[in-house]
Amino acid sequence: MSEIFKNIPEIKYEGPQSKNPLAFKYYDPDKIVLGKKMSEHLPFAMAWWHNLGAAGTDMFGRDTADKSFGAGEKGTMEHARAKVDAGFEFMKKLGIKLFCFHDVDLVPEADDIKETNRRLDEITDYILEKMEGTDIKCLWGTANMFSNPRFMNGAGSTNSADVYCFAAAQIKKALELTVKLGGRGYVFWGGREGYETLLNTDVKFEQENIARLMHMAVDYGRKIGFTGDFYIEPKPKEPMKHQYDFDAATAIGFVRQYGLDKDFKMNIEANHATLAGHTFRHDLRISAINGMLGSIDANQGDYLLGWDTDEFPFDAYEATWCMYEVLKAGGLTGGFNFDAKSRRPSYTMEDMFESYILGMDTFALGLLKAAAIIEDGRLDQFVADRYASFGTGIGKKIIDGEADLCTLAAYAEEMGAPELPGSGKQERLEGIVNQIMFG
Ligand code: XLS
Ligand code: NI
Ligand code: NI
């Protein structure tokens, strides 16, 4: 196999002063941060679909990038193999150790699922071959149950029992492939699990059916030796008007209601959180406090646009808050998957690398700054002090469960009017953050 990215060297760390576009400025894999290597804090993953598949087509125009990788015609098994070659060369040159895939990212889908599955067996044999002797592994796998027209009304939430069975067949195969490739996780992104109008939709029935399918997936996965986490990737809308996995809080409620919470965690995508009207940090925190922060789809959206623009992470503040939440949660069991694509006019092979360099550097910077905020301690101390009234006296009694409404009411009558609860000091805290970011 010949080199595909001929003009691209191995990407090395050169430090913040470097002006070399093909070098890391902040991502220094062996650097120790809070007692752990940067590369251990940041298990980065390549998204097969964007990096090796998406070539710039949008609603108004066709591909701008050539992602045939020397295979001539796209949509052939030869092209599928060329994508594997390109993907491994790409990961090696960047020092990325993980990848994520949908079934149909790997091979062209045939009309007959038996033929698609045969192609999947063939390509995953080839991927396994390429993995041998490297430390590249699979982060997670998933089944694409949203692109094919048969899934227009959803997969688990479809009104058609036959389509539901087809979805089951795809999940079964995708789970087998995930196990074969040693994947850490299996993702459900419910792209079309939702509705366009309530006029034709039985929401309760659809949600119960999704849960049934997830239970079947868990049962089968455990039977074939899948020991990793199942993930729900919340997203409020797009392509559907309303999607059931609206945000982390909703998805956590769902897995608890249907008894799936022992097997499921969240895969939080930055751009999905913002589409739900939250910050990225909010959905990370909600997942973490519920013990369900599993993995991250690292990208960013555009506040002026109302859809999932899947941009490479550039916003150092956002990355800092993400890493702050991850550090506080004790790290991820999953990883940081760049569910992101270069902008349509960034169509060269060099751009593919520069996009990943940007994303990796942004998160490395975020890690450094989050660690500095934690080491500085002023923010954490402020928060701890803010709730100090629950550490003694009547406050402690409340926490210890030694008070009831009558005790509290009697205390309040005795006390008269309480003092104001104390300044939130938001501006002081923001100043501290800026001082750490730029000081
Ligand atoms: C789409 C999702 C998708 C999932 C995997 O918005 O982010 O790419 O990550 O199906
Ligand atoms: Ni995603
Ligand atoms: Ni997305």
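Residues with beta-carbon under 11 Å from that of residue 332, excluding residue 332: net charge, scoring Lys, Arg +1 and Asp, Glu -1? All intermediate terms of the calculation are to be shown ahead of the outcome.
On the way: positive: 184, 265; negative: 40, 229, 325.
That sum, taken over residues with Cβ under 11 Å, equals -1.
Measure off 7 Å from each Cα along the Cα-to-Cβ vector at residue 351 and residue 258, then give the distance between these two points in nanometres to one decimal.
Those two pseudo-labels are separated by 3.9 nm.
With a ≥ b ≥ c the root eigenvalues of the C-alpha gyration tensor of region 183-240, is it rounded (a/c under 1.5), prolate (a/b larger than b/c) or oblate? Intermediate values should be presented prior to the final figure.
Details: a/c = 4.46, a/b = 1.86, b/c = 2.40.
Oblate, because a/c is 1.5 or more while a/b does not exceed b/c.
Would you mind pulling out the separation of the Cα centroids of region 83-106 and region 1-48, in Å?
Here the answer is 15 Å between Cα centres.
For a quick check: with amide H placed at 1.01 Å from N, whose amide H comes under 5 Å from residue 12's, ignoring anything fewer than 5 positions away on the same chain?
24
Any chance you could give the angle, 0 to 90 degrees and rounded to 10, that helix 280-289 forms with the longest Cα principal axis of the chain?
Tilt of helix 280-289: around 70 degrees.
Name the residue farthest towards the positive end of the dipole of region 171-302 from the options 183, 198, 234, assuming +1 on Cβ of Lys and Arg, -1 on Cβ of Asp and Glu, about the Cα centre.
Selected residue: 183.
Applying 1/(1 + (r/R0)^6) with R0 = 35 Å to the Cβ-Cβ distance of residue 425 and residue 305, what FRET efficiency is obtained, to the nearest 0.05? Mind dumping the intermediate values first?
Working: r = 34 Å, r/R0 = 0.97.
Between residue 425 and residue 305 the formula returns 0.55.
Relative contact order for region 181-286: what percent, with Cα pairs under 8 Å and sequence separation of 6 or more? Don't jump to the answer; show the numbers that get you there.
Numbers: 148 pairs, mean separation 32.4, N = 106.
It rounds to 31 percent for region 181-286.
Give the residue from 395, 340, 406 lying farthest towards the positive end of the charge dipole for region 327-439; charges sit on Cβ (+1 for Lys and Arg, -1 for Asp and Glu) and the dipole is referred to the Cα centre.
Farthest towards the positive end: 340.
Between residue 329 and residue 169, what is 0.36 nm times their sequence separation minus the Cα-Cα distance? Round to one decimal in nm.
Numbers: separation 160, 0.36 × 160 = 57.60 nm, distance 3.54 nm.
Extending this stretch completely gives an extra 54.1 nm.
Where in region 142-168 is the amide nitrogen less than 20 Å from a point lying 7 Å along the Cα-to-Cβ axis of residue 57?
Those under the cut-off are 143-153.
If the limit is 28 Å between Cα atoms, which of 36/396; 180/241; 396/425; 19/341; 114/237 go over it? Present the calculation step by step, with values, prior to reporting the outcome.
Working: 36/396 36 Å; 180/241 36 Å; 396/425 24 Å; 19/341 23 Å; 114/237 32 Å.
Violating the 28 Å Cα-Cα cut-off are 36/396; 180/241; 114/237.
What angle do you read, to the nearest 10 degrees and between 0 and 90, between the alpha-carbon axis of helix 77-94 and the longest principal axis of the chain?
With both axes taken from Cα atoms, the answer is about 50 degrees.
Take every Cα pair under 8 Å in region 311-360 that's 6+ residues apart, average their separations, divide by the length, and report that relative contact order as a whole percent. Don't skip to the end; give the middle numbers.
Working: 24 pairs, mean separation 28.8, N = 50.
Over region 311-360, the number comes to 58 percent.
Once fully extended, how much extra length lies between residue 2 and residue 403, figured as 0.36 nm per residue of separation less the alpha-carbon to alpha-carbon distance? List each step's numbers first, then the result.
On the way: separation 401, 0.36 × 401 = 144.36 nm, distance 7.34 nm.
That works out to 137.0 nm of additional length.
Roughly how far apart, in whole Å, are the Cα centres of region 282-333 and region 180-226?
23 Å
How high is the FRET efficiency from residue 438 to residue 159, r the C-beta distance, R0 51 Å, rounded to 0.05?
According to the calculation, E is roughly 0.40.
Would you mind calculating the relative contact order of the chain from Cα pairs under 8 angstrom and at least 6 residues apart, reporting the percent as a whole number?
Working: 704 pairs, mean separation 63.0, N = 439.
It rounds to 14 percent for the chain.
For a quick check, take a GNM of the chain with Cα springs below 10 Å and name the residue from 234, 21, 149 with the largest mean-square fluctuation.
Taking springs between Cα atoms under 10 Å, the residue moving most is 149.
Which shape class applies to the chain: rounded if a/c is under 1.5, otherwise prolate when a/b exceeds b/c and oblate if not, where a ≥ b ≥ c are the square roots of the Cα gyration tensor eigenvalues? The partial results should precede the final answer.
Details: a/c = 2.09, a/b = 1.34, b/c = 1.57.
Because a/c hits 1.5 or more and a/b fails to exceed b/c, the chain counts as oblate.
May I ask you to order 3-14, 211-222, 363-374 by the average number of other C-beta atoms within 10 Å around their residues, highest value first?
Details: 3-14: 13.7, 211-222: 16.8, 363-374: 22.0.
So the order, starting with the most tightly packed, is 363-374, 211-222, 3-14.
Order the peptides 265-278, 64-77 from the highest to the lowest mean number of other Cβ atoms within 10 Å of their residues.
Values: 265-278: 24.9, 64-77: 15.4.
Those peptides, ordered most packed to least, come out 265-278, 64-77.
For region 1-45, what % of the accessible area comes from carbon and sulfur atoms, probe 1.4 Å? Don't skip to the end; give the middle numbers.
Working: 1290 of 2730 Å².
In region 1-45, the share of accessible area belonging to carbon and sulfur is 47 percent.
At 1.4 Å probe size, with the rest of the protein present, what percent of the exposed accessible area of region 193-290 is carbon and sulfur atoms? Intermediate results must be reported in sequence, preceding the final value.
Values: 2310 of 4300 Å².
For region 193-290, the apolar C and S fraction of the accessible surface comes to 54 percent.
Express the accessible area of the chain per residue in Å², computed with a 1.4 Å probe while the remaining protein chains stay in the model. All intermediate terms of the calculation are to be shown ahead of the outcome.
Details: 21160 Å² over 439 residues.
Each residue of the chain exposes 48 Å² on average to a 1.4 Å probe.
Enter the angle in degrees (range 0 to 90, nearest 10) between the Cα long axis of helix 113-131 and the first principal axis of the Cα atoms of the chain, meaning the one along which they spread out most.
Orientation of helix 113-131: about 80 degrees from the principal axis.
Using a basic spin-label model with each label point 7 Å from the Cα along Cα→Cβ, how many nm lie between residue 414 and residue 78?
8.7 nm
On the protein heavy atoms, probe 1.4 angstrom, tell me the percent of accessible surface of region 299-378 carried by carbon and sulfur. Walk me through the intermediate numbers first.
Details: 1770 of 3160 Å².
Exposed carbon and sulfur together represent 56 percent of the surface.
Sort 113-121, 99-107, 337-345, 133-141 by the packing proxy (mean of other Cβ within 10 Å over each peptide's residues), most packed first. Please list the in-between numbers first.
Details: 113-121: 15.7, 99-107: 24.9, 337-345: 20.9, 133-141: 18.9.
Put in order of decreasing packing, that is 99-107, 337-345, 133-141, 113-121.
The values are calculated or read from the model by the stated rules, or taken from the named source; none is laboratory data. In this text the structure is predicted, and so the values were computed from the model without any measurement. For neighbour counting, all protein chains shown are included, and Cβ atoms are generated from backbone atoms with ideal geometry for every residue, glycine included. Areas reflect the complete protein model, heavy atoms only, side chains present, ligands, DNA and RNA absent. Shrake-Rupley method; radii C 1.70, N 1.55, O 1.52, S 1.80 Å.
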